[in-house]
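The values are calculated or read from the model by the stated rules, or taken from the named source; none is laboratory data. If you're wondering where the values come from, they're calculated on a predicted model, not measured in any experiment. Cβ sites come from the backbone with ideal geometry, for glycine too, and all protein chains shown count toward neighbours. Just so you know, the surface numbers come from the protein's heavy atoms only, side chains and all, with ligands and any DNA or RNA stripped out. Shrake-Rupley method; radii C 1.70, N 1.55, O 1.52, S 1.80 Å.
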Amino acid sequence: MSTATIALLGQPNSGKSTLFNALTGLRQHVGNWPGKTVEKKEGSFTHAGKTYSVADLPGSYSMSANSDEEVITRDFIASGKADVVCILADSSQLERSLFMLADYAGLEAPCFLVLNMEDVAKEQGKTIDAAAIEKKLGIPVMLFSATDIKAYDKFYQTLERALKTKTHINVSALEEEYIKLDNYSDIKAQLSDDTISGYTPMWLTVKVLENDKVVSAKLKDTLSDDKVKKIENLAKSGSDAVATGECKFAWIDEILQGAVSGRKTITKLGRLDRIYTHRFWGKPAVVMTVVLGLLASFIPALPIMALASVVTVLQNAVGSGLSSAGCPAVIISLICDVVLQSMGYVIKMLGFVFGVTLVFGLLEEVGVMARISYVFDNTMGKLGLQGKSVMPFLVSFGCTIGGASGARVIDNWGQKVLTIALAWAVPCGAAWAIIPMLSTVFFGAAAPLVIVALLLTMILHMWITAKIFGRGLVKTEDRCGMIMELPPYHKPKWGALFRYVLGRTKDTFFRVVKVVLLVCGIFWVLSYGGSNESSILYKIGTAIEPVTKFFGMPWQLFIAFVASSVGKEGAVGVISALYSGGSYSQGFMEAMSGAARSENLNELLLANVTRPEALAFIFALTFNLPCVVALAATYQEIHSVKWTAKIALYYTATALALSCIVYHIGLLIW
Amino acid sequence: MKLAELKENSQAVISGLNGDTRFIGRITSIGLTPGCHISVIKNDKNRPVLLYSRDTMIAVNRSECEGIEVTEVKA
């Protein structure tokens with residue numbers, strides 16, 4: 001069977017992801033580019049007995065060297081790994097979106113041009129003559145609508161044509177523009193066709209004029225010193241990036257001359273945009289959209305979560321079945337408390353991942369995400385983040401797992417890690433289920449004050465965490481404000497979207513299962529023991545009690561705190577088991593798998609725990625790492641063991657520090 | 001004048017760009033080059049400036065607006 005590799009290149013909102021998902025469906029793989037923190041998306045498909053692998057090239061609006069993404073994209077194209085590069089442009093904004101093509105012109109890899117969003121252009125009353133553009137460019141050009149299933153036959157035909165002809169962009173008209181630039185010809189004279197393979201002298205010369213550091217470094221490696229000197233001097237006195245940009249747009253204008261006709265679009269905001277961009281109502285409208293979206297995401301998520309309760313039933317059945325078969329207790333516990341328990345966690349989590357990926361994917365595809373970025377750009381910018389980061393934060397009030405998965409929409413790795421690191425500080429639904437209960441038991445009418453204090457601490461926590469991690473994660477030069485397009489609203493392509501969401505969920509499942517099994521296994525080893533005194537956790541807990549007491553936690557609360565790292569839901573059950581004096585390790589296991597609390601929990605708590613201790617515990621629990629599955633989801637999104645561990649340790653440490661501070665304040669009050 | 005000084009619903013032509021390589025790269029690649037016509041759609045305090053240019057709605061952060069010189073065109 002014959003094979004071919006194609007690479008997809010396009011600006012944001014050019015419909016690149018839609019095309020990638022529609023082509024590859026479930027056959028995609030997400031990893032990292034070797035040695036880089038940039039996400040690598042690959043996939044494959046077969047058509048007419050031929051297998052194609054597809055690389056979704058990362059990047060933003062151009063082929064410059066402003067980011068790792070752009071450099072990776074350039075290097076990949078120049079390496080010749082792709083048989084053909086598919087360049088996407090937005091038909092409804094051709095003039096602007098052809099900039100990528102203009103910036104590409106001069107690279108040696110063969111290419112073809114897809115004018116996507118034909119439907120939007122048509123709605124705007126524009127007609128585009130693809131044949132005329134093809135004639136001027138000298139490469140296959142097609143009008144396309146990635147959301148239209150019927151359009152794909154045409155796409156495959158054009159792809160085949162491009163693979164057969166292996167054509168390059170006709171750059172003569174573009175070079176005529178470049179020649180007018182100061183020192184262009186003199187710099188080009190220093191270069192030859194094989195100076196750096198994959199790049200033509202024209203392209204390199206333009207990048208030199210644009211002060212492209214990566215190209216300069218490459219030239220330094222290959223050319224003689226005096227040539228490099230000469231080029232450097234010529235570049236200094238030559239035209240700049242503004243001038244080369246003007247050349248590119250002049251060329252685009254010429255290409256489009258006579259090929260595009262129709263009325264100019266109206267420059268008024270639509271009704272929806274008037275609300276989203278409103279000075280006062282914009283933020284509430286965005287928050288409402290996200291909240292409603294999340295509620296809606298529970299509809300597809302609930303059946304999956306229902307599966308998780310089947311696992312709980314299974315756990316009991318398997319447990320009693322095995323014990324009546326005479327299986328040793330250790331094995332039963334291992335199967336039920338580690339393997340099945342982990343599966344239960346992971347399946348519950350998949351519900352969230354599925355729902356959040358679907359809703360966020362939809363918001364992104366429809367174009368709402370760009371509005372969210374606009375509205376929150378200023379606020380999030382203060383933390384070194386993009387406006388979009390507000391979404392994972394909002395989701396984290398429900399579930400940190402969803403927040404971590406939702407951070408996928410952030411296209412810069414450092415900002416993504418920072419967003420997740422901050423999202424952990426947002427108390428999740430499980431914490432909210434415990435906090436009001438504990439606060440009311442211990443502080444009665446003052447309980448709301450505790451909640452206010454927690455929320456204020458959350459803001460402070462996020463601010464400090466942003467300061468601590470921000471410097472390493474988001475470089476100062478990356479902390480630039482938005483220059484972004486707000487795309488016209490698009491209809492979603494449901495089929496491609498669902499396939500993408502399913503693919504992501506499947507991917508998450510396999511990765512996350514490993515992490516969750518590992519962590520649950522460690523906890524099991526620590527807490528397993530026939531009687532109270534034999535488990536490692538008990539021994540450690542009681543041995544270091546003098547220390548944990550200083551943090552405001554007697555050993556029972558400390559163990560509940562440790563347990564809350566696995567899942568906050570179980571923490572109260574653990575307290576209940578420990579103070580009611582039953583077998584501790586059994587109580588621990590049962591509590592973690594969702595067993596009921598003892599009925600006299602309130603009295604147990606009041607009899608054994610003082611108010612400062614209770615306050616310390618509430619803070620420790622709230623700001624501890626959210627749960628083992630959130631940890632796994634974080635790892636799945638950021639692909640870095642080092643950073644996942646760093647964030648986890650940081651949270652354990654800060655939770656203890658907070659509980660210590662709160663405890664000692666509490667001692668002063670009571 | 002600077003881009004951020006333009007009032008809502010005003011028209012202008014970009015007359016110059018000032019900034020480092022990165023800024024110039026980002027601003028030209030989204031289509032804002034000297035000579036380019038823009039109309040300001042929204043200009044609220046503490047929000048990016050929303051403008052319309054080359055058939056595209058573009059949001060530009062207020063601090064990046066400092067590097068964009070414009071000449072107002074009366075309609």
- Going by the structure shown, is B:Ile27 on the phi < 0 side of the Ramachandran plot, without any contact (Cβ under 8 Å) to a residue 60 or more places away in the chain, crowded, with 24+ Cβ neighbours inside 10 Å and more than 9 Å from every other protein chain (Cβ to nearest Cβ)? no
- Has segment A:429-439 got any residue that is touching a strand residue (DSSP E or B) at 6+ places or on another chain (Cβ under 9 Å), within 24 Å of A:Gly567 (Cα to Cα) and either open to solvent by less than 10 Å² (accessible area, probe 1.4 Å) or modelled with pLDDT under 90 (or both)? yes
- Could you tell me which numbered condition A:Trp424 fails, if it satisfies all but one of (1) within 14 Å of chain B (Cβ to nearest Cβ); (2) modelled with pLDDT of 90 or more; (3) buried (at least 24 other Cβ atoms within 10 Å of the Cβ)? (1)
- For the subset of segment A:182-218 comprising residues that are in a loop (DSSP other than H, G, I, E, B) and within 14 Å of chain B (Cβ to nearest Cβ), which member is surrounded by the fewest Cβ atoms within 10 Å (Cβ to Cβ)? A:Asn211
- Message: Return the residues of segment B:30-51 that are within 21 Å of A:Asn378 (Cβ to Cβ) and within 7 Å of chain A (Cβ to nearest Cβ); say none if nothing qualifies.
- Response: B:Ile30, B:Ile41, B:Lys42, B:Asp44, B:Asn46, B:Arg47, B:Pro48, B:Leu50
- Pick from A:Lys136, A:Lys41, A:Lys50: which is closer than 30 Å to A:Glu637 by Cβ and more than 14 Å from chain B (Cβ to nearest Cβ)? A:Lys41
- Task: Identify, by number, the condition in (1) among the polar types (S, T, N, Q); (2) closer than 28 Å to A:Ala65 by Cβ; (3) in contact with a Phe, Trp or Tyr (Cβ under 9 Å, 6 or more places away or on another chain) that B:Ser39 doesn't meet.
- Result: (2)
- Quick check: is even one residue across segment A:311-319 under 30 Å from A:Ser17 (Cβ atoms), touching a residue at least 24 places away in the same chain (Cβ under 8 Å) and in contact with a Gly (Cβ under 6 Å, 6 or more places away or on another chain)? no
- Message: I need the full set of residues from segment A:92-106 which are in a helix (DSSP H, G or I) and more than 10 Å from every other protein chain (Cβ to nearest Cβ), in order please.
- Response: A:Leu101, A:Tyr104
- Query: With A:Leu334, A:Leu350, A:Leu358, A:Leu385 as the choices, which residue is hydrophobic (A, V, I, L, M, F, W, C), closer than 30 Å to B:Val49 by Cα and in contact (Cβ under 8 Å) with a residue 24 or more places away in the chain?
  - Reply: A:Leu385
- Task: Would you point out the residue of segment A:234-251, among those that are within 12 Å of chain B (Cβ to nearest Cβ) and open to solvent by 50 Å² or more (accessible area, probe 1.4 Å), that is modelled with the highest pLDDT?
- Result: A:Glu246
- Note on the structure: Being more than 14 Å from chain B (Cβ to nearest Cβ), modelled with pLDDT under 95 and in a helix (DSSP H, G or I) narrows A:Tyr152, A:Tyr178 down to just A:Tyr152
- Determine whether A:Glu477 is within 16 Å of A:Gln386 (Cα to Cα), at pLDDT below 95, within 14 Å of chain B (Cβ to nearest Cβ) and in a helix (DSSP H, G or I). yes
- Query: Does at least one position in segment A:252-266 carry a residue that is over 26 Å from A:Ile139 (Cβ atoms) and away from chain B (no Cβ under 14 Å)?
  - Reply: no
- Query: Are any residues in segment A:404-425 free of Cβ contacts under 8 Å to residues at least 60 places away in the same chain and part of a helix (DSSP H, G or I), and if so, which ones?
  - Reply: A:Gly406, A:Val409, A:Leu418, A:Thr419, A:Leu422, A:Ala423
- In this structure, is A:Ala109 farther than 24 Å from A:Asp193 by Cβ and open to solvent by less than 20 Å² (accessible area, probe 1.4 Å)? no
